[in-house]
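The values are calculated or read from the model by the stated rules, or taken from the named source; none is laboratory data. The shown structure was predicted, so the numbers you read here are calculated from the model rather than taken from an experiment. Ideal geometry is used to build each Cβ from the backbone, glycine not excepted, and the neighbour counts take in all protein chains shown. Just the protein is used for accessible areas: all its heavy atoms, side chains included, with ligands, DNA and RNA removed. Shrake-Rupley method; radii C 1.70, N 1.55, O 1.52, S 1.80 Å.
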Amino acid sequence: MSRAGTAAPPSREELRQLALTEEEYGSACRQLGREPNQLELGLLGALWSEHCSYKTSKRLLGQLPSASPRVVQGPGENAGVVDLGGGLLCCFKMESHNHPSAVEPVQGAATGVGGILRDVIAMGARPVALLDSIRFGALEDARQRQRFARVVEGIGWYGNCIGVPTVGGETYFDQAYSENCLVNAMCVGLVEQGRLARALARGEGNPVLLVGADTGRDGIHGATFASVELDREAEERRPAVQVGNPFLEKCLLEACQELAGDPDLVGLQDCGAAGLSSACAEMAHRGGSGVEIEVQRVSRRERGMGPYEVMLSESQERMVLVVREGAEERFRERFRRWGLRCDVIGRVIAEPCLRVTDGGRPVAQLPLSVLVAGVPPRRPQSRAEPAPAASSPDPLLEVPPWPAEEAWLRVLGSPNCASSRWVWRQYDHQVGDDTIVGPGADAAVLRLRGRVQGLALSVDSAHPSARLDPRRGTAMGLAEGLRNLACVGAEPLGVTDCLNFGDPDSPLVMWQLEEAVAGLAEAARELGVPVVSGNVSLHNQYQGRSIPPTPSLGLVGLVPDLERLPRPGFCVEGDLVALLGRPGAGPEGVELGGSEYQRLASGQPSGSAPELDLAAERRAAEAVRQAVRARLLRSCHDCSLGGLGVALAEAAVWGGQGAVVRSPLAPPERPSPGWAAAVLLGETQGRYLASLDPGRLAELERALAAAGVPLAVLGRVGGEWLEVSGVARIPLAGARERLEGALPGAMAGPALGAGMGERAGPVS
Amino acid sequence: MTTRFGIAVFPGTWSDRDCAHAAELAGGEAVFLWHAERDLRGADVVVLPGGFAYGDYLRTGAIARFAPLMEAVRERAREGGPVLGICNGFQILCEAGLLPGALLRNQSLQFRCQPVWLRVESCRTPFLAGGEVGQVLRMPISHGEGRYYVDAGTLRQLEQEGRVALRYSEADGRLSPDANPNGSLGAIAGVSNAEGNVLGMMPHPERACEPLLGSSDGLRLFASALAALSPP
């Protein structure tokens, strides 16, 4: 097993291709007591990639709380698992597919969905919902529009074909994501207690089966690709992007459903990043055993594929199973019924290593202690960004760029605040017949069959002020998720995180990552939301420019009674409009740092991030849940991006009724010229905008006073206007036009290449 | 005896369980019919549900029409048994020659999932027998290729014979270009065969069978078939 006949160590260039450093290579040699051969080096490159090994982030992730009485499985398996009671479990996970989506938007996004579905399928669960978080550059740029449209097409194509509803998500556009789009997909599944599968290999002699697609040359070194900077050569890496086949995966899904819970099934794992090598090595490592793979038994799509390509291919729609010896034919027959190829490709061995043979000839043998657990942790330097000199008051307060009405309409017309219906009407969000509240609301709600309960699902990212304060901005993302769940009366069960960051070798980015994880850990503890699964995506940078810190968070909550869901928005004339939570904070009661208003006015966040009081967030969420359960609120909506102004407009447009309200804040003695717009559009945290029957006010007042949550009655529902007395008023129709028209309007810009001699439309 | 709904399952079908649920809500019994078997398992009503049968390779429904199960469905259709094709099921019925026309890519060239209003144009089929012409139903669509197309001669024939069963309309039954979500010819959402026993439609009645899901208008189709088969 010498290195292909030559003893020369790999060149720096060869190592760079594998994203390994010379130090890492040296460490591998020391641990092995020899130099790895070429195949072994490839396996190490894949398994030691950032994507597979978390070598940079692992030491940080340990601080995330992952336990609660509900948590059945925390990080470490294919997906996290929480107990819904009554023998039903919920599995969920979110994952990034940023790099592939940047290079080949349709297939990159589609295979991201396919991959996260397989993570849930591998738990023995039936996927019941998909959600996504997408970030692109500004849509004024035709290239961004085209790529964004194609990512949406890819997500829709995969989910629509496989028949799992896409029930929610978020979109955000900022030039900081122009060269590094973010595409994060979350999947939620349900499984009965006894059918939960685990991703492990054990029992010497047990056969290892590969089922699904044939193995091709696609995606070789995809894990490595995801672990380096996107550069001008990225286009040449297109072969590192895989091609999806949702039809095949649908058959895999159904077959795995039939086999979950089978007493002869030992382990089930999807082939994701680093393909067979990672799937087998990780299963064996979890099971405390080893695996031997005979590459000749792997069904190949192309001629002439050697062991290196077979082991590192990332061909999609493949899963690895370990079954009890003697049961393999029964399993193969089951898969055959669904038209799926299934081959015995190896067996479990006692020695804890990954052994690869080619026609019986051993071609690689690596101890799992080296391959899976041996990567030297990286501790790149981190350096805090100097805190910006507190520039108070905010320039927008001093010199407002627009009158308050215009500022309000501009924020409503920003694709970041406006309705993303343009996106989700391309997604089947209903298949399965369980979607009670679909996309576009605070949280999606699914019913649980045969129960009064439901699931609440929400995807939220760090507040844009994470650029100013990554710790607080990340914590705000979780607080927003908690508020979204509270609006439908749901208690949080857990969160899955997808940590999207730039170049970890930039001390600033490393500091952002450390701060963000610390902020998430603190918020998760304080808010009582365990982090049960997740994924880290580093190297989202281009020509030295990193993306802003962008953790996305996917929350799952339990709705105790679907009959008690509030209605969407202001729907009954004469109802009271109330603000729950503190009305404002900061100088003059307004906070503009990182707000959408600030972004539109000045291009980037400045000043300080809004204040965040986690204890108050927790109290308010609990009080809102109680109020929803007691049917005290007709509607409830959280104030997030765009502040009170956007929350008011959305509630009015959803419910079809205007409102006349007062400002939640009394004007200061000498208000700054931009105060009115800042009241409307500042993004003070911890607030909910509700409407209620006036007859329930006394009870609500008592309940909130007892919980220590401020309540301010602002006005009444009704009419064709949205008016905040003394601040601004806009017609309801104008608000609707902005909210509903912004994204379709932005996407209707001229297509890429239009005016360059290309035909614009189809010819008949 | 309970009316038995046979729900076809092709590889790639995904409305099978939703249709079974709807059939049960209507008071029927549901059995699944496996694509590779030529067996209707004693079903009184055959439902071809939505999905992407055999991956919809080549054209939607183009491979499914060769399934062994479809031989049994064709025979049942010829005998006058009620057959309902929903979404992909409609596409399969067209490919199988049991219904005229074809379903083309949506005019928008995008997939569309949204609620629509449907005006009942004819109550000849057992699935709409309990309703009234002019009645407006609410249910969702979810498809990328649902633009109904048929040649002018056949269209005239369909109209004359009362075989246009459902049209996309406004809530009050008016027809308008805005109400037509995919550019279907004549706003046609559903058609039947000459005898009336085979109905194909792009919208999903099985997704509109409970108030909790926003509408129970879809349940009428299942209940109506059940009533049509029950002895008086």
Which of (1) surrounded by fewer than 19 Cβ atoms within 10 Å (Cβ to Cβ); (2) within 23 Å of A:Arg425 (Cα to Cα); (3) away from chain A (no Cβ under 14 Å); (4) among the charged types (D, E, K, R) does B:Arg138 not meet, given it meets every other one?
-> (3)
So, first residue more than 7 Å from chain A (Cβ to nearest Cβ) and over 19 Å from A:Val167 (Cβ atoms) in segment B:107-119, second residue among the β-branched types (Val, Ile, Thr) and open to solvent by less than 20 Å² (accessible area, probe 1.4 Å), Cβ within less than 7 Å, six or more apart or across chains; the pairs are B:Val116/B:Ile141
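If a residue has to be more than 15 Å from the chain's Cα centre (by Cα), crowded, with 19+ Cβ neighbours inside 10 Å and away from chain A (no Cβ under 14 Å) to count, how many in segment B:66-86 make the cut?
Residues of segment B:66-86 that are more than 15 Å from the chain's Cα centre (by Cα), as a first pass: B:66-72, B:74-76, B:78-80.
Cutting the leftovers down to crowded, with 19+ Cβ neighbours inside 10 Å gives us B:67, B:69-70, B:72, B:76.
From the residues that got through so far, the ones that are away from chain A (no Cβ under 14 Å) too are B:69-70, B:72, B:76.
Total satisfying the criteria: 4.
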Take segment A:278-295 and flag every residue that is open to solvent by 10 Å² or more (accessible area, probe 1.4 Å), under 13 Å from A:Asn78 (Cα atoms) and in contact with a Lys or Arg (Cβ under 9 Å, 6 or more places away or on another chain).
-> A:Arg286
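Among the residues of segment A:367-421, which ones are charged (D, E, K, R) and modelled with pLDDT under 95?
Within segment A:367-421, A:Arg378, A:Arg379, A:Arg383, A:Glu385, A:Asp394, A:Glu398 qualify.
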Flag if A:Ser66 is more than 25 Å from A:Val370 (Cα to Cα), of a type in the set (Ser, Thr, Tyr) and touching a residue at least 40 places away in the same chain (Cβ under 8 Å) | yes
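Looking at the structure I just gave you, is A:Leu139 touching a Ser or Thr at 6+ places or on another chain (Cβ under 8 Å), outside any helix (DSSP H, G or I) and at pLDDT 95 or above?
The answer is no for A:Leu139.
Looking only at segment A:652-701, how many residues end up being part of a helix (DSSP H, G or I) and among the acidic types (Asp, Glu)?
Here the count works out to 2.
Quick one: would you say A:Gln453 is in contact with a Pro (Cβ under 8 Å, 6 or more places away or on another chain), open to solvent by 10 Å² or more (accessible area, probe 1.4 Å) and not hydroxyl-bearing (Ser, Thr, Tyr)?
On the way: in contact with a Pro (Cβ under 8 Å, 6 or more places away or on another chain): yes; open to solvent by 10 Å² or more (accessible area, probe 1.4 Å): yes; not hydroxyl-bearing (Ser, Thr, Tyr): yes.
Yes.
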Give, as residue ranges, the strands (runs of 3 or more DSSP E) completely inside segment A:497-615 that count at least 1 residues that are modelled with pLDDT of 95 or more and not aliphatic (A, V, I, L, M).
-> A:531-537, A:550-559
Between residues in segment B:31-47 that are farther than 17 Å from B:Ala223 by Cα and residues that are open to solvent by 80 Å² or more (accessible area, probe 1.4 Å) and among the aliphatic types (A, V, I, L, M), which pairs lie under 7 Å by C-beta distance while being six or more apart or on different chains?
-> none
The residue from A:Ala690, A:Ala703, A:Ala698, A:Ala707 that alone is within 24 Å of A:His463 (Cβ to Cβ) and at pLDDT 95 or above is A:Ala690
Given the conditions (1) without any contact (Cβ under 8 Å) to a residue 24 or more places away in the chain; (2) within 17 Å of B:Leu25 (Cβ to Cβ), report the number of the one that B:Phe127 does not fulfil.
-> (1)
Answer with yes or no whether A:Glu351 is open to solvent by less than 40 Å² (accessible area, probe 1.4 Å) and touching a residue at least 60 places away in the same chain (Cβ under 8 Å).
-> no
Within segment B:7-23, is even one residue out of contact with any His (no Cβ under 7 Å at 6 or more places or on another chain), in a helix (DSSP H, G or I) and more than 12 Å from chain A (Cβ to nearest Cβ)?
-> yes
Would you mind listing the strands (runs of 3 or more DSSP E) fully within segment B:87-165 where at least 3 residues are over 16 Å from B:Gly196 (Cα atoms) and more than 13 Å from the chain's Cα centre (by Cα)?
-> B:112-120, B:136-143
Is it true that some residue in segment A:256-277 is modelled with pLDDT under 95, closer than 25 Å to A:Glu309 by Cα, touching a Cys at 6+ places or on another chain (Cβ under 6 Å) and open to solvent by 10 Å² or more (accessible area, probe 1.4 Å)?
-> yes
Every pair of residues 6+ apart whose Cβ atoms lie under 7 Å, when the first sits in segment A:14-29 and is within 19 Å of A:His51 (Cβ to Cβ) and open to solvent by less than 20 Å² (accessible area, probe 1.4 Å) while the second is among the polar types (S, T, N, Q) and modelled with pLDDT under 85 = A:Leu18/A:Thr224
